[in-house]
Structure formats: structure tokens, C-alpha cells
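The structure appears below as C-alpha cells.
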Amino acid sequence: MDGFHPYLEQREDRLFILSSGHWTGFDTLVEITNANTVRLNRPAEDLVFDNK
């Protein structure tokens, strides 16, 4: 899991957060805990992915 977050950062995937009304990178929404648990810090229904 050590390289997963840097991988997400370099991909530059963009999302719109409906509840806050702003764009962000996917890497800012992913949390890695206990070295093996990956989760989103926002509900999926609150996110709109930018189709490049």
C-alpha cells in the first residue's frame, strides 16, 4: 500500500464534491489506515467524476 497514494496523486483524477460545491483530486478523498484498509472519506453519492 506504500505506493498507492502517490499513484493516485500522479493520475490527477478530478472529482466534484456535491455537498461542498468544489473540485478536488481523487487522492484527497482516499484514506489508507492500518496499512491495508482503503476507504473514501466522503459518501460515493456525494461525488461526480470528471470524464476526461
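Read-outs: derived from the displayed coordinates by stated rules, not from any lab. Keep in mind it's a predicted model, so treat the numbers as computed, not measured. Positions of Cβ are generated from backbone atoms using ideal geometry, with glycine treated the same way; all protein chains shown enter the neighbour counts.
Some values worked out for this structure:
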| quantity | calculated |
| --- | --- |
| The chain - residue that is of a type in the set (K, R) and assigned to a strand (DSSP E or B) and, of those, surrounded by the fewest Cβ atoms within 10 Å (Cβ to Cβ) | R39 |
| Selection within the range 25-52 - without any contact (Cβ under 8 Å) to a residue 12 or more places away in the chain and among the hydrophobic types (A, V, I, L, M, F, W, C) | L40, A44 |
| Residue count for the range 13-50, restricted to those that are charged (D, E, K, R) and over 22 Å from G3 (Cβ atoms) | 4 |
